[in-house]
Amino acid sequence: MTFRSHMDIALDEAHAAAARGEVPVGAVIVAPSGAVVARAGNRTRELNDPTAHAEILAIRAACAAIGSERLPGHDLYVTLEPCAMCASAIAAARISRLYYGAADPKSGGVAVGARVFTHPQCHHTPEIYDGIAATEAETLLKTFFRDRRSPSEE
């Protein structure tokens, strides 16, 4: 099977999150067959739920779709480096491969910060691929936060 990035779908979810006023992060879970099982964007504000990150919502939907609490063989594409909470959920779900776009030097839990997958208490570590569509993901995030800080010019 030839590798195909599904980051374009994650970016679509990130754009939709931004349009809802959410931090623009999107995620997609892909089955071993290559079929998209779940996709989500951040909904923390909409749902009044601090755990409603794109990764968590996608994992919940994928587990429900396949009828299992684990997702072995599945890939997760996410536009931003997962935080420690999401990295822990990725490990618990037994995601096989994690592909992410932009690095998150402030709140990342994979390459910076908590580095969840390096801890001996972490029972599963996915293969990790970073920098997938990083420029587009970074630009989306920077534009979102710049626009929220700038007074509107109407």
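If ligands, DNA and RNA are left out, what is the accessible area of residue 107 with a 1.4 Å probe, given in Å² to the nearest 10?
60
So how strong a dipole does the stretch 48-94 carry about its Cα centre when Lys and Arg Cβ are +1 and Asp and Glu Cβ are -1, to the nearest 20 debye?
Numbers: 3 positive and 5 negative charges, 31 e Å.
The dipole magnitude comes to about 140 debye.
Pick from 104, 130, 49 the residue whose mean-square fluctuation is largest in a GNM of the chain, springs joining Cα atoms under 10 Å.
Of the options given, 49 has the highest mean-square fluctuation.
Could you tell me, in Å, what Rg and Dmax come out for the Cα atoms of the chain?
14.9, 54
Give me, ordered by chain and number, the residues 5 or more places off residue 37 or on other chains with an amide H under 5 Å from its own placed amide H.
The list, which skips near neighbours in sequence, is 29, 30, 31.
Which of 38, 118, 10 sits farthest toward the positive end of the charge dipole of the chain, with +1 on the Cβ of Lys and Arg and -1 on the Cβ of Asp and Glu?
118
Anyone know which of 76, 141, 47 comes out most mobile in the 10 Å Cα GNM of the chain?
Among 76, 141, 47, the largest mean-square fluctuation in the Gaussian network model of the chain belongs to 47.
Hey, what do the phi angles of the stretch 39-54 turn into as Karplus ³J(HN,Hα) couplings, whole Hz, using 6.51/-1.76/1.60 and θ = phi - 60°, x for Gly and Pro?
8, 7, x, 3, 9, 4, 6, 4, 9, 6, 9, x, 8, 7, 6, 3
Considering only the other residues whose Cβ falls under 12 Å of the Cβ of residue 52, what net charge follows from Lys and Arg at +1 and Asp and Glu at -1? Don't skip to the answer; put the middle values down first.
Values: positive: 20, 43, 45, 60; negative: 22, 46, 49, 55.
In short, 0.
Per residue, how big is the convex hull of the stretch 1-74 when only Cα atoms are used? Give it in Å³. Kindly include the intermediate steps, with their values, before the conclusion.
Working: hull volume 5.6 nm³, N = 74.
Hull volume over Cα atoms, normalised by residue count, gives 76 Å³.
The values are calculated or read from the model by the stated rules, or taken from the named source; none is laboratory data. The model shown is predicted, which means the values in this text are computed figures rather than measured ones. Methodologically, a virtual Cβ is constructed for each residue, glycine included, from the backbone with ideal geometry; neighbour enumeration extends over all protein chains shown. Note: areas computed on protein heavy atoms with side chains; ligands, DNA, RNA excluded. Shrake-Rupley method; radii C 1.70, N 1.55, O 1.52, S 1.80 Å.
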